[in-house]
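**Q** Here you go, one structure.
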């Protein structure tokens, strides 16, 4: 199977041609994790952007001595994109739920396309922006729903 087939459908690579994707991933590496392994630990420093190639992982946040599952990610999902805006401190844990393979791209590799191929770089930045916007909209909806529930709770009390 061609390497590009492994990342097809990943939002990071939307609108890119196979040869462009091949150029990107040839300087990446694949890391494998077993169930329970930490892919990323909250609070650690990192400079990698990661794409789930296979498997399943939970995103959790440690707060007040407990860990809360925020969501589950699977093939095609990517994470670690905050390093692109100089946020190198990891804001959550990523923990493998089952055997999981991750494509790891460094910050330097991502930004190398700024000079090598500005069109590819622009599309990847646009794709990251789309993902962050989607996550922000989802967060706004969750906040709105919680606000409505709180208001109803106050009215009932």
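**Q** On full extension of the chain, what length is gained from residue 8 through residue 133, given 0.36 nm per residue of separation minus the C-alpha to C-alpha distance? Don't skip to the answer; put the middle values down first.
**A** Values: separation 125, 0.36 × 125 = 45.00 nm, distance 2.11 nm.
Roughly 42.9 nm would be gained on extension.
**Q** Highest GNM mean-square fluctuation, the chain, Cα pairs closer than 10 Å: which of 57, 108, 96?
**A** Maximum fluctuation in the GNM of the chain, among the listed residues, is at 108.
**Q** Same structure again: Label-point separation (nm) for residue 122 and residue 154, each offset 7 Å from Cα along Cα-to-Cβ?
**A** A separation of 4.7 nm, rounded to one decimal place.
**Q** So, R0 is 25 Å and r is the distance between the beta-carbons of residue 32 and residue 140; what FRET efficiency does that work out to, to 0.05? Display every interim value, and only then the final one.
**A** Details: r = 36 Å, r/R0 = 1.42.
The calculated FRET efficiency here is 0.10.
**Q** Round to the nearest 0.05 the FRET efficiency obtained for residue 66 and residue 19 when R0 = 41 Å and r is the Cβ-Cβ distance. Don't skip to the end; give the middle numbers.
**A** Numbers: r = 47 Å, r/R0 = 1.14.
That pair, residue 66 with residue 19, gives E of 0.30.
**Q** Using the alpha-carbon atoms, what tilt in degrees (0 to 90, nearest 10) does helix 118-156 show relative to the longest principal axis of the chain?
**A** It is inclined by approximately 10 degrees.
**Q** Follow-up question, since we're still on this one. Under 8 Å for C-alpha pairs, at least 6 residues apart: give me the relative contact order for region 3-156, rounded to a whole percent.
**A** Details: 258 pairs, mean separation 46.7, N = 154.
Over region 3-156, the number comes to 30 percent.
**Q** Among (1) 9, 28, 19, 10, 7, 7, 6, 5, 4, 2, 1, 0, 0; (2) 9, 29, 23, 9, 7, 7, 6, 5, 3, 1, 0; (3) 10, 35, 33, 14, 6, 2, 0, which is the computed P(r) over Cα pairs in 10 Å bins from 0, in percent?
**A** Looking at P(r) over Cα pairs in 10 Å bins from 0, in percent for this model, the match is (3).
**Q** Given the Cα-Cα distance of residue 45 and residue 99 and 0.36 nm per residue of separation, how much length would full extension add, in nm?
**A** Values: separation 54, 0.36 × 54 = 19.44 nm, distance 2.37 nm.
Length gained between residue 45 and residue 99: 17.1 nm.
**Q** Please work out the Cα center distance from region 1-45 to region 62-112, rounded to the nearest Å.
**A** So the separation of the two Cα centres works out to 12 Å.
The numbers here are math on the coordinates, done by the rules we state, and not lab data. This structure is a prediction, so every number in the text was calculated from the model and none was measured. Note that we place each Cβ from the backbone using ideal geometry, even for glycine, and neighbour counts take in every protein chain shown.
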